[in-house]
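Let me begin by presenting the structure, written as structure tokens, before commenting on it.
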Amino acid sequence: LEDVREKAVWNLDIYREGRVYLQSLSSMMPPLVLEPRPGADILDMCAAPGGKTSQVVALSDGAAHMTACEMNGPRAEKLQYNLDKLGCRNVQVMRVDARRLDKFFSFDQILLDAPCTGSGTICSGDERAGRRITEALLNKVTRSQRALLDRALDVLKPGGTLVYSTCSI
């Protein structure tokens with residue numbers, strides 16, 4: 001589609017029927033790097049709103065065993081809604097903080113698009129950006145990312161693949 005704004009796409013039948021999903025190119029890269037395999041046990045640790053999860057399902061032809069974690073209730077509901085709308089099957093949505101996943105679990109492939117400061121998405125000239133990115137935020141995000149990465153390594157099967165991404169600079 002040329003010269004079309006996002007809101008115009010929302011009104012198209014293919015969008016309303018769940019045949020397409022809108023996301024940025026940068027959001028599409030981590031699932032491509034993961035190279036999801038049919039039959040693999042795959043974890044998306046921070047899955048809402050579901051764009052990357054649904055892409056992983058599509059890339060595996062719906063034949064992967066997908067687990068999608070989201071700790072926030074409304075975001076988990078949005079995740080489930082989007083997955084249902086897009087016709088994604090073989091996806092277990094868990095409303096859980098992925099940092100606290102039981103070590104009983106094990107996965108062949110893990111996608112960790114970690115929560116971040118958003119510094120990679122700041123527009124030049126945004127005067128408010130400097131006030132949003134504080135030392136307290138940096139410390140919180142750093143602790144969260146480290147805990148998520150540690151847990152990912154705990155539940156990754158030997159020889160498995162972990163793709164870590166974030167939009168922080």
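Out of all the residues in the stretch 28-54, which are assigned to a loop (DSSP other than H, G, I, E, B) and open to solvent by 30 Å² or more (accessible area, probe 1.4 Å)?
E35, R37, P38, G39, C46, P49
Could you tell me how many of the residues in the stretch 82-138 are surrounded by 13 or more Cβ atoms within 10 Å (Cβ to Cβ), modelled with pLDDT under 80 and in a helix (DSSP H, G or I)?
Of the residues in the stretch 82-138, 3 are surrounded by 13 or more Cβ atoms within 10 Å (Cβ to Cβ), modelled with pLDDT under 80 and in a helix (DSSP H, G or I).
Of all residues being open to solvent by 50 Å² or more (accessible area, probe 1.4 Å) and of a type outside the set (A, V, I, L, M) in the stretch 55-71, which is nearest to S144 (Cα to Cα)? Just the residue, please.
Among residues in the stretch 55-71 that are open to solvent by 50 Å² or more (accessible area, probe 1.4 Å) and of a type outside the set (A, V, I, L, M), the one nearest to S144 (Cα to Cα) is H65.
The values are calculated or read from the model by the stated rules, or taken from the named source; none is laboratory data. In this text the structure is predicted, and so the values were computed from the model without any measurement. Backbone-built Cβ (ideal geometry, glycine too); neighbour counts: all protein chains shown. In case anyone asks, the SASA skips ligands and DNA or RNA and just uses the protein heavy atoms, side chains included. Shrake-Rupley method; radii C 1.70, N 1.55, O 1.52, S 1.80 Å.
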